[in-house]
Amino acid sequence: MELTFYGQNCLGLQIGEFNILVDPFITGNEKAKDIDIADLKADYILVTHAHQDHVLDVEAIAKNTGATIVSNAEIASYYGEKDLRTHPMNHGGSWNFEFGKVKYVPAWHSSTFPDGASGGLPGGFVIETSEKNIYIAGDTALSNDMKLIPLFTKLDLAVLPIGDNFTMGVDEAIVASDFVECDRILGCHYDTFELIEIDHDSAKQKFAQKQKELLLLNIGDKMTV
Ligand code: NI
Ligand code: MN
């Protein structure tokens, strides 16, 4: 599985022949100005919740690519009304897609669309594939529910928010990585705005002190999961 970081919580996943895009927020992100959304491939767009910094480019990219939008029932129906292809889910449920099995898991956050429409309750995704397994937490506080994930899935990578203020910060994310039993972490949801700026060296050191690896990618950078 190859992962590309596009800033904030936006990720591209290449799983076999399939392209999955998560939480596209690019045209509104000054730091991602070198990324052209017209170049992005997507068979599926996974949406954790309805906030602007996760959905801004969903519609444009779905129209460009014909991708299926996978999210909670409210977000799916919001895009369904715009004649986009959708797959509705809700907390605790899994579905076997052609690229792997996706479970929509709870997140502690909020989820109203920028236009005031209900975005249901926020979530994250656990994706199991024939290659690797990955947890994308979405925007969330540290939560006891994370302990349920390793009962079902042995993770190879956890993508956790570390920017604090709107989500967990670094110290909570370290405990979250214990809860999900995964010591390889990709940090997200930091540095996009002043309120979520972090000190990279200090964050990496804190994880290293617990024998964990914190990866911080530049926008546009790729890694192999
Ligand atoms: Ni949010
Ligand atoms: Mn956010």
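The values are calculated or read from the model by the stated rules, or taken from the named source; none is laboratory data. Keep in mind it's a predicted model, so treat the numbers as computed, not measured. Cβ: placed from backbone, ideal geometry, glycine included. Neighbour counts: every protein chain shown. For accessibility, only protein heavy atoms count, side chains too; no ligands or nucleic acids. Shrake-Rupley method; radii C 1.70, N 1.55, O 1.52, S 1.80 Å.
Points to keep in mind about this one:
- When 194, 30, 128 are compared by accessible area at a 1.4 angstrom probe, the order from most to least is 194, 30, 128.
- Only protein heavy atoms count here; on that basis, with a 1.4 Å probe, residue 44 has an accessible area of about 20 Å².
- Using the Cβ-Cβ distance between residue 118 and residue 183 with R0 = 41 Å, the FRET efficiency computed as 1/(1 + (r/R0)^6) comes to roughly 0.65.
- Pairwise centroid distance, computed over Cα atoms, of segment 111-140 with segment 157-178, Å: 15 Å
- Compared with the dominant principal axis of the Cα atoms in the chain, helix 200-209 is inclined by about 60°.
- Residue 194-residue 34 FRET efficiency (beta carbon distance; Förster radius 22 Å; 0.05 resolution): 0.55
- Whole-Å semi-axes of segment 2-224's equivalent ellipsoid (Cα gyration tensor): 25, 19, 17
- Segment residue 60-residue 156, length gained on full extension (0.36 nm per residue, minus Cα span): 31.4 nm
- Accessible area per residue, Å², the chain with all protein chains present, probe 1.4 Å: 44 Å²
- Within segment 43-73, backbone nitrogen closer than 16 Å to the virtual label 7 Å beyond the Cα of residue 85 toward Cβ: 43-47, 59-71
- Degrees between helix 170-179 axis and first principal axis of the chain (Cα, 0 to 90, nearest 10): 80 degrees
- Under a model in which nothing but the beta-carbon of Lys, Arg (+1) and Asp, Glu (-1) is charged, segment 2-224 shows a dipole of about 560 debye around its Cα centre.
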